[in-house]
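Asks: Just passing along the structure, written as structure tokens.
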Amino acid sequence: MPTRSPVLVDLKFDPQTLANALQKAFPDRGSINLADPADAGVDLTEVDYAVLWKPEQALFSRAPNLKVIFSGGAGVDHIMDLAGLPDIPVVRFVDRSLTTQMSEWVVLQCLTHLRQVNAYRKQATGGVWRELAQPEAREVTVGVMGLGVLGLDAVAKLKTMGFDVIGWSRGKKTIDGVMTYDTNNLDGFLRKTDILVGLLPLTPDTVGIYDNSLFAKLRQGGALGKPVFINAGRGKSQNQADLTTALSSGVLGGASLDVFDIEPLPAGDPLWAMDNVVITPHVAAASDVRALFRSVEIQIDRFERGEALEHVVDRATGY
Ligand code: NDP
Ligand code: OXD
């Protein structure tokens, strides 16, 4: 029986969690963990498969015979930008738990702005007992940009909470009870949107897409008064200077941000001090590394049986 190639693992995750998960992963082929000093200098020339999250830059010259690359997360921008990326399948991580976590975060942020959690927190610090105007979820239109695995689940859960939900994607989608738009009618979508949720991948087409002109087209005077921006896609899709100006000038009434153009968000960034902004440190949906390795095992088995891999990135669109 031919020897099976070990799986190369270069994941910038918590090293202990990674080491624990690798004890039971890939029992029939083993692994090479670049986070383990004992594996750091190992010869990678015969390795077929790699699981990567923000890998080392020189990886592809060290591992020139890879057959498939698996992303450690749903996003693949950390791989697609790498110099020397070989022309082999790149597979996204699609997972129930990751999807569920993202929808929890999105629904939490929409409810936070709907129920004015920031304003009540500010009142509470001053000992103020005052009721604020309270629209119902159905009076608020949430516009979701990106109707992929994560966007579709978020749409379904926002609808369960009673929000009026609309969606925008590159290709037109049909979703029961949801008005959908494609790239031919971004403005029509924005004009109806009170809370904008960003769940787009980072690609050449989506860099800086959330900018001044986009924020200016969101609906003013809706049930929340001013529009709100929520982003858990990628930080480089937001023009952060424009976003900061839109928040301070009142074009936007608030924001919830999990992703930033520079991460960690630098100390002293004006966004930290804005009381209408919720900041989380890129944690909306974290990969469960055990589930990741199980999924990689299943996909390798498919590949070696000659079946098609699932969730392969389209090189032309970059996601
Ligand atoms: P998918 O690939 O399943 O979906 C992407 C969606 O974006 C699709 O609906 C696609 O349109 C749309 N899209 C892509 N490019 C454009 C464009 N130029 N114009 C309009 N629509 C576009 O991705 P996922 O839903 O799985 O994940 C989305 C992103 O979320 C990831 O790429 C990652 O960056 C981010 N993420 C963030 C996490 C966090 O913790 N903050 C965790 C996990 C993911 P179409 O349907 O027509 O193809
Ligand atoms: C992902 C992420 O892409 O965590 O999975 O950002």
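Asks: Going through the range 119-155 one residue at a time, which ones are touching a strand residue (DSSP E or B) at 6+ places or on another chain (Cβ under 7 Å), assigned to a helix (DSSP H, G or I) and away from ligand 1 (no atom under 16 Å from the Cβ)?
Replies: Result: ARG138, single match.
Asks: If you don't mind, another one. Looking at the range 207-222, which of its residues are over 23 Å from GLU104 (Cβ atoms) and in contact with a strand residue (DSSP E or B) (Cβ under 9 Å, 6 or more places away or on another chain)?
Replies: Correct list: GLY208, ILE209, ASP211, LEU214, PHE215, LEU218, ARG219, GLY222.
Asks: How many of the residues in the range 269-281 are within 13 Å of ligand 1 (Cβ to nearest atom), part of a loop (DSSP other than H, G, I, E, B) and either closer than 14 Å to ASN118 by Cα or among the small types (Gly, Ala, Ser) (or both)?
Replies: 0
Asks: To continue, here is another question. Return a yes/no flag: does the range 54-67 have any residue that is under 30 Å from LYS226 (Cα atoms), among the hydroxyl-bearing types (Ser, Thr, Tyr) and either loosely packed, with under 14 Cβ neighbours inside 10 Å or in contact with a Pro (Cβ under 9 Å, 6 or more places away or on another chain) (or both).
Replies: no
Asks: Could I ask something else about it? Within the bounds of the range 248-268, is there any residue that is away from ligand 1 (no atom under 16 Å from the Cβ), of a type in the set (A, V, I, L, M, F, W, C) and under 30 Å from LEU11 (Cβ atoms)?
Replies: yes
Asks: Select from the range 34-52 the residues that are touching an Asp or Glu at 6+ places or on another chain (Cβ under 8 Å) and surrounded by 21 or more Cβ atoms within 10 Å (Cβ to Cβ) and write down the one among them that is farthest from PHE303 (Cα to Cα).
Replies: LEU34
Asks: Still on this model: Answer yes or no: is there a residue in the range 106-117 that is away from ligand 1 (no atom under 11 Å from the Cβ), among the hydroxyl-bearing types (Ser, Thr, Tyr) and within 30 Å of ASN276 (Cβ to Cβ).
Replies: yes
Since every read-out is calculated from the coordinates, none of them should be taken as a lab result. Here the structure is a predicted model, which means the values were calculated and not measured. Here the Cβ is made from the backbone with ideal geometry for all residues, glycine too, and neighbour counts use every protein chain on show.
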